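Engineer: One structure coming up, written as C-alpha cells, with questions to follow.
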C-alpha cells in the first residue's frame with residue numbers, strides 16, 4: 001500500500017452544504033440512516049480514542065505485545081482487507097474526477113449538479129463511494145480493537161480516516177461539524193505518528209553508527 005498518496009486537508013464550504021438540504025435524493029440518504037448514523041458517530045469516536053491510546057503506547061512502550069499468533073494473524077487479514085478497500089476507494093474517486101486534494105468539493109459539485117440534470121452514472125458512483133467508506137470505517141474499527149501497534153499501519157489508518165472524514169462531512173451535512181473536527185483530530189494523530197516514525201529512524205541510525213566495527217584479520 002502506498003501511504004504517500006494522502007497528504008490532505010480541505011475544509012468544506014458550509015453554506016454550500018445547507019443549499020442542498022432540499023435535494024430529495026441526498027436528503028433521503030440521511031433520513032433513512034438517521035438513528036444508525038448516531039450509533040456510527042459513537043463508534044467512530046470510540047475508534048478514534050482507541051487509536052489515540054495506540055499512539056501513546058507506541059510513544060512510551062519499549063516492548064509492544066504484538067507477539068501473539070492470534071494478533072498477528074488478525075493483523076495480516078484485516079490490514080490486507082483495508083489495503084484492498086482503500087485501493088478500490090481511490091479508484092472510485094478517480095472515476096468521478098476527484099483526488100485526495102478535492103474529494104469533498106467534488107462530491108458537493110456532483111450533488112449540486114444533480115439538482116439540475118442528474119447523472120445516473122455519477123449518482124451510482126457516489127453511492128458506491130459512500131458504502132465503501134462505511135466498509136473502510138468498519139475495518140479501521142476492527143483494527144483498533146485488535147490493539148496491534150504497528151507504526152506504518154497507524155499512519156495509513158490516520159491518513160485514510162482524514163480522507164473519509166472529509167467525504168463524510170459532504171455526504172452527511174447535519175453532522176458536517178462533527179466530521180470536520182474528527183478530521184482535525186486525525187490530522188494531529190498523523191502528525192504525531194510521522195514525528196515518531198522519524199525519531200525511530202534517527203535512533204536506529206544512531207545505534208548502527210555507534211556499533212564498533214570489527215576488523216577481520218587475514
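Engineer: What's the FRET efficiency of residue 117 with residue 184 using the Cβ-Cβ distance as r and R₀ = 25 Å, to the nearest 0.05?
Structural biologist: 0.10
Engineer: Residue 128 versus residue 152, label points 7 Å from Cα toward the beta carbon: distance in nm?
Structural biologist: Once both label points are built, they end up 2.9 nm from each other.
Engineer: So if we plug the beta-carbon distance of residue 84 and residue 199 into 1/(1 + (r/R0)^6) with R0 = 45 Å, what FRET efficiency do we get, rounded to 0.05?
Structural biologist: 0.90
Engineer: For each of 117, 46, count neighbouring Cβ atoms within 10 Å of the residue's Cβ, then give the residues from fewest to most.
Structural biologist: Ranking 117, 46 by Cβ neighbours within 10 Å, fewest first, gives 117, 46.
Engineer: Another question, then. On the first, second and third principal axes, largest extent first, how far apart are the outermost C-alpha atoms of the stretch 90-181 in Å?
Structural biologist: Per principal axis, max minus min of the Cα coordinates gives 48, 27, 21 Å.
Engineer: Quick one: what Rg and Dmax do you get for the stretch 39-147 from the alpha carbons, in Å?
Structural biologist: Looking at the stretch 39-147, its Cα Rg and Dmax stand at 17.7, 58 Å.
Engineer: If you stretched the chain out fully between residue 191 and residue 60, how much longer would it get, using 0.36 nm times the residue separation minus the C-alpha to C-alpha distance?
Structural biologist: Contour length minus Cα-Cα distance gives 45.5 nm.
A short reminder: the numbers here are calculations on the coordinates, not readings from a lab. For clarity, every value in this text was computed on a predicted model and none was experimentally measured. Virtual Cβ from ideal backbone geometry, glycine too; neighbours counted across all protein chains shown.
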